[in-house]
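To keep things clear, I will list the structure first and then write my remarks on it.
Since every read-out is calculated from the coordinates, none of them should be taken as a lab result. None of these values were measured; they are calculated from a predicted model. Ideal geometry is used to build each Cβ from the backbone, glycine not excepted, and the neighbour counts take in all protein chains shown.
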């Protein structure tokens, strides 16, 4: 039985979804797409991961909405996110939000993701080719670390 679940939202180029599917391959981790799954039961899980691309300097609103609307979420958590700039600030803000909601945060993994939003589309986008193989390998190591904590 899998004790870890990742709730995610991945939209434009599916960077986060591509990353997640690769890093949890053959691992005891379930993935749930918050944009398509309804009636989610988290009662069998000990740890929940939240994963998203970055939209207007935040994780996708569906993740915040899920947390606000549900009380049965395991309190041990972690974060995975992709962004064109690869910055740390959105992750730090989300970790602060989780701590305010009494979550224990086990760690965070971020990497760049191909981004053509807004003005970036006029220059062909930024972070082309990301997440790449190196990003995937670092992500796999991160997931292994989370699994070892459970």
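Per-residue packing, averaged as other Cβ atoms within 10 Å, sorts the ranges 36-47, 19-30 into the order 19-30, 36-47, beginning with the highest. The helix-only estimate of mean residue ellipticity at 222 nm for the chain, built from DSSP H runs of length n ≥ 4 each weighted as -39500 (n - 2.57), is -9500 deg cm²/dmol after division by the residue total. For the chain, the longest principal axis of the Cα atoms and the long axis of helix 89-100 meet at an angle of about 20 degrees.
Once the convex hull of all Cα atoms in the chain is built, its volume per residue stands at 100 Å³.
Translational diffusion coefficient, Stokes-Einstein: compute it for the range 1-41 using the Kirkwood radius over C-alpha pairs as Rh, at 25 °C and 0.890 mPa s, and state it as an integer in µm² s⁻¹.
After rounding, the answer is 225 µm²/s.
Can you figure out the FRET efficiency of residue 99 with residue 14, using R₀ = 35 Å and their beta-carbon distance, to the nearest 0.05? E between residue 99 and residue 14, to the nearest 0.05, is 0.75. Paramagnetic label reach from residue 106 (point 7 Å along Cα→Cβ; backbone nitrogen cut-off under 13 Å): within the range 8-34, residues 28-30. For the pair residue 56 and residue 40, label points projected 7 Å from Cα toward Cβ lie 2.1 nm apart.
When peptides 76-82, 141-147, 9-15, 101-107 are sorted by average Cβ neighbour count within 10 Å, with the highest value leading, the order is 76-82, 9-15, 141-147, 101-107.
For the chain, the longest principal axis of the alpha carbon atoms and the long axis of helix 133-149 meet at an angle near 10°.
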